[in-house]
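Take a look at the structure below.
The values are calculated or read from the model by the stated rules, or taken from the named source; none is laboratory data. Bear in mind that the values here come from a model prediction, so they are computed numbers and not experimental data. With ideal geometry, Cβ positions are generated from the backbone for all residues, glycine too; neighbour counts draw on all protein chains shown.
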Amino acid sequence: MPKNRRTRPSFSRGAALCCLLAAGLGAAGAAPALADDVPVVVTGKWATGAPSEATCPKGTELVGGGYESEPTARPDGAPAGPVDMNAPSSRVPNTWVVRMYTGSARAYALCERD
């Protein structure tokens, strides 16, 4: 097993449902979404041992978020440490934050237009 393995982006369940519905994929026969109805996804910078933040732009509101990670592996191949924060920021409005002490992670914010 490689020392580092990359995981797929992980969004909160509500965020994933929001994306599907906004894209017109949530119900059979649903009309395609208009451009104004499509959520904005903001990607944070990769961070190692520190928080990565993704902040929604002006004119949008945070409705969910998630992360992508590259965990550091132990010699036996198991991940050395989990993501220990994956939630809306308590200090920065309209921001999703993720932190992973051993390995790298970056945050994604799912933003709805006002």
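For every residue, the table says whether it meets (1) in a helix (DSSP H, G or I); (2) on the phi > 0 side of the Ramachandran plot; (3) modelled with pLDDT of 95 or more; (4) under 17 Å from the mean Cα position of the chain (by Cα).
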| position | (1), (2), (3), (4) |
| --- | --- |
| Asp36 | yes, no, no, no |
| Glu53 | no, no, yes, yes |
| Pro57 | no, no, yes, yes |
| Pro75 | no, no, no, no |
| Val97 | no, no, yes, yes |
| Arg106 | no, no, yes, yes |
| Cys111 | no, no, yes, yes |
Practice prompt. Quickly run through the range 48-97 and pick out the residues that are surrounded by fewer than 17 Cβ atoms within 10 Å (Cβ to Cβ), of a type in the set (Ser, Thr, Tyr) and free of Cβ contacts under 8 Å to residues at least 40 places away in the same chain.
Written response: Ser90
Worksheet item: Of these, Val63, Val92, which one is among the β-branched types (Val, Ile, Thr), in a loop (DSSP other than H, G, I, E, B) and either at pLDDT 90 or above or touching a Cys at 6+ places or on another chain (Cβ under 8 Å) (or both)?
Response: Val92
